[in-house]
Amino acid sequence: MKGKERSDDFATRRERLATLSEPELEARFWELADRLTEPLAELARTHTTPAIERSVLLRMGFSSMEAKGIVEHCVAAGLMGKGAGHVTLRLARRWNAPLREAGLRLARGEGWDEAATEFAAVH
């Protein structure tokens, strides 16, 4: 049994592109690619998970146990949407401390009131 044959409308669809130069076609491609991927990029900017945040902290040089502590405190402080690595970096700058030192303080539960204040000041 043969499926329903699709009519070939390539020539019709191609008409609006046929007059475009190579640079114009390339610009059109990137415009469409941007429109296609924008919702995905926005989702990535606005959504995170504890696993992603632990992964970020691991890449910043923290051990898995240290990262776990920072992320748990970040969740409890309601700052998960800011990113645990971002919180750690901002507090390191605020305290004028090395990143590792700031992260260890946060992992021990220190400085979360300051973190909340730091991010509240931004909004």
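A short reminder: the numbers here are calculations on the coordinates, not readings from a lab. On a predicted model such as this, the values are computed, not experimentally measured, just so you know. Note that each Cβ is placed from the backbone with ideal geometry, even for glycine, and that neighbours are counted across all protein chains shown.
Measure nothing fancy, just the Cα-based angle from helix 84-95's long axis to the longest principal axis of the chain, in degrees from 0 to 90, nearest 10.
50 degrees
Extension gain A44-S21, at 0.36 nm per residue separation less the Cα-Cα distance, in nm?
4.9 nm
How much mean residue ellipticity at 222 nm does the chain get from its helices, if each DSSP H run of length 4 or more adds -39500 (n - 2.57) and you divide by all residues, to the nearest 500 deg cm²/dmol?
-23000 deg cm²/dmol
Explain nothing, just the number: relative contact order of the chain, from Cα pairs under 8 Å at least 6 residues apart, as a whole percent.
Averaging sequence separation for qualifying contacts and normalising by length gives 20 percent for the chain.
If you take the square roots of the eigenvalues of the alpha-carbon gyration tensor of the stretch 50-122 and sort them as a ≥ b ≥ c, do you get rounded (a/c under 1.5), prolate (a/b over b/c) or oblate?
Oblate, because a/c is 1.5 or more while a/b does not exceed b/c.
Which value, in debye to the nearest 20, gives the size of the charge dipole of the stretch 50-122 about its Cα centre, when Lys and Arg are +1 and Asp and Glu are -1 at the Cβ? Walk me through the numbers on the way to the answer.
Working: 10 positive and 8 negative charges, 45 e Å.
In total the dipole reaches around 220 debye.
If you take the square roots of the eigenvalues of the alpha-carbon gyration tensor of the chain and sort them as a ≥ b ≥ c, do you get rounded (a/c under 1.5), prolate (a/b over b/c) or oblate?
prolate
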